[in-house]
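The values are calculated or read from the model by the stated rules, or taken from the named source; none is laboratory data. Just so it is clear, the model here is predicted, and its values are computed rather than measured. All Cβ positions, glycine included, derive from the backbone under ideal geometry; neighbour counts span all protein chains shown. Remember, those area values only see protein heavy atoms, side chains included, never the ligands or the DNA or RNA. Shrake-Rupley method; radii C 1.70, N 1.55, O 1.52, S 1.80 Å.
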Amino acid sequence: MITGTRKPMEEIRAMIAPFGRVLVAGCGTCVAECASGGEKEVALLASQLRMDAKLRKISLEVGEITLDRQCVYEFIDQLTPFLENYDAVLSLACGAGVQAVAEVFPQWVILPGLDTGFLGETREAGLWLENCRGCGECRLHLFAGVCPITRCAKRLFNGPCGGSRAGQCEVSPEVQCAWHLILERLERQGRMDCLEEIYPPCDWSRHQGRGPRKIQREDQRA
Amino acid sequence: MKHRSNLQAVLEGAHFAVTAECGPPRGADSQALREKAQILKGCVDAVNVTDNQTAVVRLCSLASCAILKEMGLDPVLQMTTRDRNRIALQSDLLGASALGIRNVLCLSGDHVCFGSEPQAMGVFDLDSIQLLYAARTMRDQGKFIGGGALSDPPKLFLGAVENPFADPLGFRARRLAKKVAAGAQFIQTQCIYNLERFREWMKQVRDLGLDQKTHILAGLTPLKSARMARYMKEKVAGMDLPDAILERMEKVPASKQTQEGIKIALETIEALREIPGLRGIHIMAVEWEQVVPQLVADSGLLPRPSVDRGQ
Ligand code: SF4
Ligand code: SF4
């Protein structure tokens with residue numbers, strides 16, 4: 001899933017300052033799972049904004065809506081009947097959702113209410129971990145299911161650096177060293193020979209570094 | 001221009017090699033660098049120039065190496081993959097060779113978060129093994145990573161580092177094997193305080209036959225004070241400083257600690273010279289280059305051999 005965290009109140013307040021009528025729009029998928037942009041968070045933020053406006057004696061009208069997804073046109077369309085009543089949309093979707101909505105309604109001001117994070121897993125309640133950078137050529141089979149591109153701070157392909165301590169990464173001691181995990185798992189699986197291979201430099205050109213990527217599948221097109 | 005570096009000739013001539021490290025200044029004035037280099041001249045076979053060590057911005061390693069070269073020293077260009085992508089790295093390798101800088105030490109480098117510009121984007125387009133492999137391919141096959149041919153292959157003597165003490169322990173010798181397979185002709189290790197564990201590692205290295213395939217130089221950092229010892233033990237990633245050493249430093253009065261540190265270093269050198277398969281030492285006396293001539297002289301490693309470097 002794609003994670004996000006809500007922007008600080010100060011920043012949101014400054015962003016919506018020029019507008020009198022703001023629609024807070026949530027997204028019911030990824031950011032709902034990571035408890036930052038679903039229906040609950042929309043309701044919470046909307047009432048905080050109303051209360052804040054009242055305290056500061058500002059006139060502010062705040063609406064609420066949560067779409068199933070903000071990154072898919074069929075769902076975005078549900079905003080159409082509401083937009084007329086608002087000056088701006090404060091989107092609690094990930095950056096892809098915010099951009100998709102802005103693309104569909106180019107004449108409206110669409111503001112990001114979240115800081116979009118990463119592709120990750122929900123490890124336990126309240127704990128989300130990044131484990132994929134969407135490099136475009138998955139090599140998890142070579143690394144015992146642990147991604148060194150994402151989980152090693154130096155993106156090393158050919159074994160650990162010299163800095164790990166007791167299995168923790170030198171960069172942030174509370175994070176496990178990806179290479180420690182890889183080695184442990186390969187050893188347990190009796191596949192240490194995987195490590196003898198010298199993996200060549202990554203071919204970033206095929207995947208990243210050339211602007212936005214696109215997937216187009218003829219079999220899926222109408 | 002001579003095709004072999006002094007370091008390569010010394011190692012291939014089966015002499016016990018001595019190298020030292022020299023950190024460039026945090027400014028554009030080369031005077032400090034020249035002074036450090038002058039201290040090292042004549043008492044070591046080659047001088048490593050660090051590449052923005054600990055991710056702190058310094059005078060560039062390539063330029064510093066050129067200055068050392070001009071002063072008549074044999075520089076070892078340290079190259080980290082942290083700050084430059086494969087285009088810049090390969091270009092620097094050609095530049096080094098063109099300047100007559102033959103020794104290159106390939107590293108991934110300390111993470112940017114430890115340095116002077118923690119907001120920087122770490123590049124890490126290649127890792128150290130990929131850089132080694134690329135440099136070797138440029139030299140031996142005349143090819144860039146991208147596959148294109150280069151007009152004049154660079155002349156390079158390639159090195160890598162290894163930390164015998166880093167986790168996971170059992171894997172370290174195998175990691176060295178990988179570096180050797182990628183093209184490492186010499187290896188400089190993390191500094192050694194735990195001789196016992198180092199001997200164990202050397203045994204693993206010999207069992208894999210790696211001492212026959214590469215020249216291993218043992219890293220050494222003389223302790224200046226008990227405080228430094230404690231810092232190394234507690235704060236430096238991947239360092240293994242046994243309690244016994246720390247206690248020994250702490251037992252002597254502050255005014256005698258430097259002497260004690262030198263004594264420990266001399267004892268370490270003596271012990272290292274007995275280890276089969278070890279080909280030399282690499283002294284990393286951070287901002288304390290003055291101690292190097294004394295260490296080398298007192299351990300009986302002077303004068304340094306004068307060697308034939310070929311045509
Ligand atoms: S290799 Fe890593 S970054 Fe690439 S797709 Fe697989 S998990 Fe994601
Ligand atoms: S400690 Fe492990 S995860 Fe951290 S940079 Fe080094 S190899 Fe990568």
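Does the stretch B:124-145 hold any residues that are more than 9 Å from every other protein chain (Cβ to nearest Cβ) and over 18 Å from the mean Cα position of the chain (by Cα), and which are they?
Selection gives B:R136, B:T137, B:M138, B:R139, B:D140, B:Q141, B:G142, B:K143, B:F144.
Could you please find all residues in the stretch A:201-222 being touching a residue at least 40 places away in the same chain (Cβ under 8 Å), more than 13 Å from chain B (Cβ to nearest Cβ) and not in a helix (DSSP H, G or I)?
Residues satisfying the conditions are A:H207, A:R213.
Tell me, please, whether a residue that is away from chain B (no Cβ under 14 Å), surrounded by fewer than 17 Cβ atoms within 10 Å (Cβ to Cβ) and within 14 Å of ligand 2 (Cβ to nearest atom) can be found in the stretch A:115-135.
Checking the stretch A:115-135: at least one residue is away from chain B (no Cβ under 14 Å), surrounded by fewer than 17 Cβ atoms within 10 Å (Cβ to Cβ) and within 14 Å of ligand 2 (Cβ to nearest atom).
In this structure, does B:G280 turn out to be out of contact with any Asp or Glu (no Cβ under 6 Å at 6 or more places or on another chain), assigned to a strand (DSSP E or B) and small (G, A, S)? Don't jump to the end; show me each part of the working.
Numbers: out of contact with any Asp or Glu (no Cβ under 6 Å at 6 or more places or on another chain): yes; assigned to a strand (DSSP E or B): yes; small (G, A, S): yes.
So B:G280 fits the description; yes.
I need the full set of residues from the stretch A:69-83 which are open to solvent by less than 90 Å² (accessible area, probe 1.4 Å), under 22 Å from A:S36 (Cβ atoms) and either in a loop (DSSP other than H, G, I, E, B) or in contact (Cβ under 8 Å) with a residue 60 or more places away in the chain (or both), in order please.
Within the stretch A:69-83, A:Q70, A:C71, A:V72 meet the criteria.
Could you tell me which numbered condition B:H3 fails, if it satisfies all but one of (1) at positive phi; (2) at pLDDT below 95; (3) not hydrophobic (A, V, I, L, M, F, W, C)?
It fails just one condition, (1).
What number of residues within the stretch A:146-174 are within 7 Å of chain B (Cβ to nearest Cβ) and either hydroxyl-bearing (S, T, Y) or in contact with an Asp or Glu (Cβ under 6 Å, 6 or more places away or on another chain) (or both)?
Result for the stretch A:146-174: 5.
Do the conditions hold for B:S5, that is, is it in contact with a Leu (Cβ under 8 Å, 6 or more places away or on another chain) and of a type in the set (S, T, Y)?
Numbers: in contact with a Leu (Cβ under 8 Å, 6 or more places away or on another chain): no; of a type in the set (S, T, Y): yes.
Considered against the rule, which asks whether it is in contact with a Leu (Cβ under 8 Å, 6 or more places away or on another chain) and of a type in the set (S, T, Y), B:S5 comes out as no.
So, in the stretch A:112-161, exactly how many residues are more than 19 Å from A:A93 (Cα to Cα), more than 7 Å from ligand 1 (Cβ to nearest atom) and part of a loop (DSSP other than H, G, I, E, B)?
Going through the stretch A:112-161 one residue at a time, the tally reaches 14.
Which one is farthest from B:P164 (Cα to Cα), of the residues in the stretch A:162-200 that are without any contact (Cβ under 8 Å) to a residue 40 or more places away in the chain and either touching a Lys or Arg at 6+ places or on another chain (Cβ under 6 Å) or within 15 Å of ligand 1 (Cβ to nearest atom) (or both)?
Per the stated criteria, the residue is A:P200.
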